[in-house]
Structure formats: C-alpha cells, structure tokens
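Accompanying notes for the structure given below.
The values are calculated or read from the model by the stated rules, or taken from the named source; none is laboratory data. What you are looking at is a predicted structure, and each value in this text was computed from that prediction instead of being measured. The protein model used for the area step is the full one, side chains on, heavy atoms only, and it has no ligands, DNA or RNA in it. Shrake-Rupley method; radii C 1.70, N 1.55, O 1.52, S 1.80 Å.
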Amino acid sequence: MSGRRVVVFPSVAELGSTLAQLVSSRAEKALNTGASFSLGLSGGSLVSILSKELPAVPNLDCSRWLIGFCDERLVPFTDPESTYGLYKNQLFGKISIPEERILAIDPSLPVQECADDYAGKLSKAFNTEQIPVFDMLLLGMGPDGHTCSLFPDHPLLQESQRTVAPISDSPKPPPQRVTMTLPTVNAARCVVFVSTGGSKAPILKQVLEGGEGPALPAALVAPRQGELFWLVDEPAAASLTSQVERPGPGARL
C-alpha cells in the first residue's frame, strides 16, 4: 500500500467534485495502459454524489469502463434498496456505459447461488480464476464501522478464499446480500472511502485512529499494493487528531 491519505473538504459539494475528478483521472490512467477501467460501486450517499458530479466531468468517455458492485442487496432491481436500480435510474443513462459492461447480480437466484453466479461473472469479465483486481473501488462506511456488507464480528471478515460471498443474516435490512470479501477489496489498485456528516465523526475517529476492541471492518481495508483515500467533510472529521489534508479549491488528488 502506498499510504493512506485522509482528505477533508469544507462541504459535500467540494468533496463530490474532487471525487469525480479522481475517478476520471484514474480511469484515464487505466485506459492509457489497458483495455478497460474497472470500477466497483457502493450505495448510500455515493449514489447521489456520483449521479450529480460524474456527468459534469468534461469529455468523460465511459465506453470502456467496466462496472461492478462492492455489495448488493438481494432484492428486485425495482426495489428502492437495490443499488444497481438506483444507479440505473440516476446515473448510468447520463454517462453512456454500455449495458453489457455493467456487472449486476441475478436477484432471482437464492443467495448462495447468486453469490456464485456473480463470482462467475467477475471471473469471466476479468479473465481470471484468481481474485479480480479492480482499478478502483468506491466504498462507504456505516455508523457501526461496516463497509460493503462486511459487518463487525461477522464470520465473513475471516473469509480468505472467495471473491464474493453470500450473507443471509445482515444486521441491517434487507438480510440477504452479496458482498465482496476483504481479499477482493484489498486487491484493488485504488480504494476510496467517502464519509460525510457529523454522525460519522465518532466511528471515523475509531476506524482511522484506533480504539478498544477488535478492528472494525472499515479499518481492515488496506490495499496490498494500491492507494487508499478517505474523502470526508468537516463534520465527519471533527474528532480527528491525526494528520489530514485540506486541499484548496480545485486541487487534484
């Protein structure tokens, strides 16, 4: 890992524009050296941030992007809990990603079969039987320190073999989900967390600066050979005492 960077912004708006620039720059870098740019998406506030900011990036060409999902709820795509459904309605039509380059789960399958099927889609898309290496993963963090659908004290935190895994007992509804495992997350070339709002301040401090008890799931994300960014707003960063970056307007990461 090339080192964690914690970057603090005055507002979500400034965070969002910098995030879109970061995605665009890493896409350009990947496409200069390879055939595609692979991006893993998460739900929550990232949906609205990306849906607003990515279409505003000038001359953004997404025709060679490959989109996956860091986790997904096992619900129909028309359900408001579906991460794919939210992005389909709010973003994908605005940035013209070819439908065949968006890797979604099959929500009609039982959860174990759904996870196996999605692992197969990733294996085929990345042409590997090993853990796929995404160019970039965008992650959120819950108020309990979970990320993807990896929850504190859950057995899946010990998973070392599978690319994605089923979860049938999520403490946060809906209970059935498919999630990337920690080895998949930590194989990525660039991982970006986005955390905003004062309610996240205590858990952000615990994740970034440590605390009592076992490390929380978000604290276990440490790309083996990639970059790690935490993009946060001032309210979320209010309790931090460790060193952070506060870039000026228009700064590029």
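If you take the alpha carbon atoms of the stretch 184-231 and fit the smallest convex hull around them, that volume is 77 Å³ per residue. Per-atom-type breakdown for the chain gives carbon and sulfur 50% of the accessible area (1.4 Å probe, protein chains only).
Here's the list of lysines a cross-link from LYS94 could span, going by alpha-carbon distance under 26 Å and ignoring same-chain residues fewer than 8 apart: LYS29, LYS52, LYS121. Residue ranking by accessible heavy-atom surface, 1.4 Å probe, largest first, among ARG224, ARG5, ARG26 comes out as ARG224, ARG5, ARG26. Per residue, the accessible area of the chain comes to 44 Å² when a 1.4 Å probe rolls over the protein heavy atoms. Accessible area per residue was computed with a 1.4 Å probe on protein heavy atoms; ASP117 scores about 60 Å².
Each DSSP beta bridge with both residues in the chain is either parallel or antiparallel, and the antiparallel ones are about 25%. When each full DSSP H helix of the chain is screened for a Cα extent of at least 15 Å along its own axis and an average Kyte-Doolittle hydropathy of at least 0.0, the helices passing are 12-33. The stretch between LYS121 and GLU28, if pulled fully straight at 0.36 nm per residue, gains 31.0 nm over its current Cα-Cα span. Summary value for the chain: 27 percent relative contact order, contacts being C-alpha pairs under 8 angstrom separated by 6+ residues. The alpha carbon radius of gyration of the chain, expressed as a multiple of 2.2 N^0.38 Å, is 0.95. Taking 0.36 nm per residue of sequence separation and removing the Cα-Cα distance, the ASP144/ALA222 pair yields an extension gain of 26.2 nm.
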